[in-house]
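Participant: Please see the structure below; I have some questions.
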Amino acid sequence: MAARRAARFAALRIREQTMTKAFLEITMKISPEKRPQAGGVYTKYRQPFLSSIPGAKSKDLLLRAEDVQVLHGFDSKANAESYLGSELFQKDVVTALKPCLLADPEIRIYECA
């Protein structure tokens, strides 16, 4: 009985350690003709984001008629905030997306309850 409880506790701890605890949402106004270019930026930098950014858990592209969103999952709010100052974001992603943007992007960070 004690071994079962210990195994269940260990499984819950592993699950908790891998859970997404914060989301960074970047909403961008991009004209329809520039969306393929923006999609290329997402594709190009998705794996480097997941493999090199501390606490990165996921990155998804959401398309709507009125805008494009990129939803980034992190293990903490602090890591989401840090990503915004990273070289990957500032020098690579922002520079590549700039010609596609019709307006400044909206950036929000959410913490999971």
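The values are calculated or read from the model by the stated rules, or taken from the named source; none is laboratory data. Remember, predicted model here, so these are calculated numbers, not experimental data. Cβ coordinates were reconstructed from backbone atoms using ideal geometry, including for glycine residues, and neighbour counts include every protein chain displayed.
Participant: Which count do you get for residues in the range 19-38 that are assigned to a helix (DSSP H, G or I) and either under 24 Å from Cys112 (Cβ atoms) or acidic (Asp, Glu) (or both)?
Facilitator: Narrowing the range 19-38 to residues assigned to a helix (DSSP H, G or I): 32-38.
From the residues that got through so far, the ones that are either under 24 Å from Cys112 (Cβ atoms) or acidic (Asp, Glu) (or both) too are 33.
Summing the residues that are assigned to a helix (DSSP H, G or I) and either under 24 Å from Cys112 (Cβ atoms) or acidic (Asp, Glu) (or both) in the range 19-38 gives 1.
Participant: Count, please, the residues in the range 22-58 that happen to be among the polar types (S, T, N, Q) and closer than 16 Å to Gly85 by Cα. Write out each step before concluding.
Facilitator: Filtering the range 22-58 down to residues among the polar types (S, T, N, Q) leaves 27, 31, 37, 43, 47, 51-52, 58.
Next, only the ones that are closer than 16 Å to Gly85 by Cα stay: 52.
Number satisfying all stated conditions: 1.
Participant: Let me ask another. In contact with a Pro (Cβ under 9 Å, 6 or more places away or on another chain) and either closer than 14 Å to Ile109 by Cα or of a type in the set (A, V, I, L, M) (or both): which single residue out of Leu88, Leu62, Leu50 fits that description? Working first, answer last.
Facilitator: On the way: Leu62 fails: in contact with a Pro (Cβ under 9 Å, 6 or more places away or on another chain); Leu50 fails: in contact with a Pro (Cβ under 9 Å, 6 or more places away or on another chain).
The conditions single out Leu88.
Participant: I'd like the residue in the range 25-40 that is charged (D, E, K, R) and either without any contact (Cβ under 8 Å) to a residue 12 or more places away in the chain or out of contact with any helix residue (DSSP H, G or I) (no Cβ under 6 Å at 6 or more places or on another chain) (or both) and, out of all such residues, is farthest from Leu102 (Cα to Cα).
Facilitator: Taking the range 25-40 as the starting set, the residues that turn out to be charged (D, E, K, R) are 25, 29, 33-35.
From what's left, either without any contact (Cβ under 8 Å) to a residue 12 or more places away in the chain or out of contact with any helix residue (DSSP H, G or I) (no Cβ under 6 Å at 6 or more places or on another chain) (or both): 25, 29, 33, 35.
Working: Glu25: 18, Lys29: 5, Glu33: 12, Arg35: 11 Å.
Per the stated criteria, the residue is Glu25.
Participant: Okay, next question. Output the residues belonging to the range 39-84 that are polar (S, T, N, Q) and assigned to a helix (DSSP H, G or I). I'd like the intermediate steps shown before the answer.
Facilitator: Initial filter on the range 39-84 (polar (S, T, N, Q)): 43, 47, 51-52, 58, 69, 76, 79, 82.
Result: Thr43, Gln47, Ser51, Ser52, Asn79, Ser82.
Participant: Let me ask something else. Quick check on the range 41-66: of everything there that is under 24 Å from Leu102 (Cα atoms), modelled with pLDDT of 95 or more and of a type outside the set (A, V, I, L, M, F, W, C), which residue is surrounded by the most Cβ atoms within 10 Å (Cβ to Cβ)?
Facilitator: By that ranking, first place goes to Tyr45.
Participant: Looking at Val94, Val70, which one is more than 11 Å from the chain's Cα centre (by Cα) and among the β-branched types (Val, Ile, Thr)?
Facilitator: On the way: Val70 fails: more than 11 Å from the chain's Cα centre (by Cα).
The unique qualifying residue is Val94.
Participant: Report yes if Gly85 is within 15 Å of the chain's Cα centre (by Cα) and of a type in the set (Gly, Ala, Ser), otherwise no.
Facilitator: On the way: within 15 Å of the chain's Cα centre (by Cα): yes; of a type in the set (Gly, Ala, Ser): yes.
So Gly85 passes the test.
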